[in-house]
Amino acid sequence: MRLPPRLPVLRMLPLVAALLVPAPITAAVAQGAAPRHAIIPAPNRIEFARSGTFTITDSTPVFIAADADDDTERVGRQLATMLGPGATRAARRLPEAVRAPAGAIRLVRDERFEDAGAEGYVLDVRTDGVTIRAREAAGLFYGVQTLRQLLPWSIEHRAALARRLVLPVGEVVDVPRFAWRGAMLDVARHFLPPADVKRYLDVMALYKLNMLHLHLADDQGWRLEILSRPNLTRHGASTQVGGGAGGFYTQAEYRDLVAYAAARHIMIVPEIDMPGHTNAALASYPELTCDGVAPPLYTGIRVGFSAMCPSKESTYKFVEDVVLELAELTPGPYLHLGGDEVEKLTRAEYLGFIERVEKIVRAQGKNMIGWGEIAPANLDPSTIVQHWRSDARASRDSAHLHAERGGSVIMSPGNRTYLDMKYDSTTVLGLRWAGLISVQHAYSWEPSTFLPRVPADKVIGVEAPLWAETLEKRADYEYLAFPRLIAIAELGWSRANVRGWDGFRARLGEHGPRLQALGVNFYRSPEIPWK
Ligand code: ACM
């Protein structure tokens, strides 16, 4: 048989080669048969034996290699803690040459999985033991998430005693389709406390999302402490949409969020939007305006009215100061500098600004990301363009200009991925300028062909933004994000041949009790047969 592109070329292990027989189960799920599993995102290949189970008890040991590194040790601890009741438990170390005792779960780092990339894994469940193999710790982590979803939802009730945890015997071979599987939180329009961001990260990890883009500054508020520019938070963070108290992350809180995300194999991508969407910055540092006059703080929801002065050196000194601290706080390679919806500058002023800011970002050794509007600037191919407009306006979009110079594109079309759009006309929260987005509408599109002029190999993935004009508390964010973010997660991970709306909605229905056990305020869309 022919392998789908980018499946690991499984030349190395007879065990894995044995999995390459056709997999009717996944196909049946895609066609809408009752699911034999409810894994989301759908794995590349999953096979169950006709019979047989592996039972997990409170004493089931988790083994890692004797010389396992810290990242592997953490995945082992996460798994052991998930399976056992009560407090954190560590995995045990065992030399690779030593057979694990019957009844154990083993995590194995295997260099021979080179074609599985950093995130692929193989999960092998037998009656006498379970093995997860991966080249990197990220792959082991995703294997653990799959194992978690093969277990009953009672696994999510951490304090429950004597849970009956039984796995079906079978094998999963899995590699993500896209490298970029993202979500975005707008913490500028309304401030979202760190604990709530962590909750979002927890749910993202369950669905194998790997990028959290934080929109940290907009007209209504500046949400990240910048030590060299203290008035950004002293004044610029002091309010939000509707005039509430606002708020911001100290650098210590921000570093803690970055570490919390990294422990779940999620990278935080910070965004400071500029030159527009900057009223909070202009109000805090009047040298950023052309007339030197600070505007008042803004608590409405209009866009397009603010802009940094492109002809003053003090503007670029400010950008350098901010980018310097942002780069220092960011272990990952990406800084998002916004660039959207600028109405107050000429085209030449705007493009010149973007080109200069890109140089400032690159001077810090980082790659710039910007919204679709930046594509006509003379950009370096290492910069990434995030497409956000909808079908109707896609003809006006210029992401293809960036693809033509070898640059990559993230797909966030507003009419499919904007989680702040209402589900239907009865949804109370959210907006509707990009359209109503049902769960099916969020799920049923193809990222690699959405923009006809951007070739598939330039699309590095998908991201679902959640703008927060109408959102005040965690329950509001969750109501709009779930389950649509779960649909986007499947688009990011699963190949088209294992995807399908009927199969997805059947599997998603099984996640109702799990999301409820996790305390997620998801929308019980009537499109989904919730359990
Ligand atoms: C955007 O929605 N203005 C990126």
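The values are calculated or read from the model by the stated rules, or taken from the named source; none is laboratory data. No experiment lies behind these values; they were computed from the predicted model shown. Counting neighbours? That spans all protein chains shown, and the Cβs are built from the backbone with ideal geometry, glycine included. Note: accessible area is taken over every heavy atom of the protein model, side chains too, but ligands, DNA and RNA are not part of it. Shrake-Rupley method; radii C 1.70, N 1.55, O 1.52, S 1.80 Å.
Quick one: helix 484-493 against the long Cα principal axis of the chain, what's the angle to the nearest 10°, folded into 0 to 90? Once rounded, one gets 70 degrees. Over all directions, the projected convex hull of the C-alpha atoms in segment 129-172 averages 3.6 nm² in area. Dimensions of segment 333-399 from C-alpha coordinates, computed as largest minus smallest value along each principal axis and given longest first, are 37, 24, 15 Å. Near the amide H of Met184, within less than 5 Å, lie the amide hydrogens of His213, Ala464, Leu466, all on another chain or at least 5 residues away, with H placed in the peptide plane. Counting only protein heavy atoms and a probe of 1.4 Å, the accessible surface of the chain is 53% carbon and sulfur. Plainly put, segment 430-531 has a radius of gyration that is 0.98 times its Kirkwood radius, both from alpha-carbon atoms, as the Rg/Rh ratio.
Where Lys and Arg each count +1 and Asp and Glu each count -1, what net charge lies around Ser154 among other residues with Cβ under 11 Å from its Cβ? That sum, taken over residues with Cβ under 11 Å, equals +3.
Under 16 Å Cα to Cα from Lys312, which aspartates and glutamates show up? Leave out anything in the same chain fewer than 8 places away. Within the straight-line cut-off, Lys312 pairs with Glu287, Asp291, Glu320, Asp321, Glu349, Glu355. Cα convex hull, segment 268-421: 120 Å³ per residue, rounded to a whole number.
Rolling a 1.4 Å probe across all protein chains gives Val122 an accessible area of roughly 10 Å². Computed with the Debye formula from one identical point scatterer per Cα of segment 213-253, without solvent, the log10 of I(q)/I(0) at q = 0.22, 0.32 Å⁻¹ comes to -0.64, -1.15. Protein-only accessible surface at a 1.4 angstrom probe places the residues His235, His387 in the order His235, His387, largest first. Accessible surface calculations at 1.4 Å, restricted to protein heavy atoms, place segment 98-149 at 35 Å² per residue. Accessible area per residue for segment 371-506, computed on protein heavy atoms with a 1.4 Å probe, is 32 Å².
P(r) tail, segment 222-316: Cα-Cα pairs separated by more than 15 Å, 65% of all pairs. Rounded to the nearest 0.05, what FRET efficiency do Arg302 and Ala363 have when you use their Cβ-Cβ distance and R0 = 45 Å? So, using R0 = 45 Å, E works out to roughly 0.85. Counting only Cα atoms, the size of segment 355-482 along its three principal axes is 45, 31, 20 Å, in decreasing order. Taking all protein chains as shown and a probe of 1.4 angstrom, Lys422 keeps an accessible surface of around 30 Å². The gain in end-to-end length when the Ser51 to Thr88 segment is fully stretched comes to 10.1 nm, 0.36 nm per residue minus the alpha carbon separation. Relative to the compact-globule estimate of 2.2 N^0.38 Å, the Cα radius of gyration of the chain comes out at 0.99. Once Rg and the Kirkwood radius are both taken over the C-alpha atoms of segment 37-163, their ratio Rg/Rh works out to 0.94. The slack in the chain from Asp380 to Ala252, taken as 0.36 nm per residue of separation less the alpha-carbon distance, amounts to 42.9 nm. Solvent-accessible surface of segment 46-89, taken per residue with a 1.4 Å probe and all protein chains present: 46 Å². The modelled label-to-label distance between Ser228 and Ala456, using points 7 Å beyond Cα along the C-beta direction, is 4.5 nm. A straight chain from Thr426 to Ala475 at 0.36 nm per residue would run longer than the Cα-Cα distance by 15.9 nm. For the chain, the mean residue ellipticity at 222 nm estimated from helices alone is -8500 deg cm²/dmol, where every DSSP H run of n ≥ 4 contributes -39500 (n - 2.57) and the total is divided by all residues, rounded to the nearest 500. Relative to the longest principal axis of the Cα atoms of the chain, helix 70-83 runs at roughly 70 degrees.
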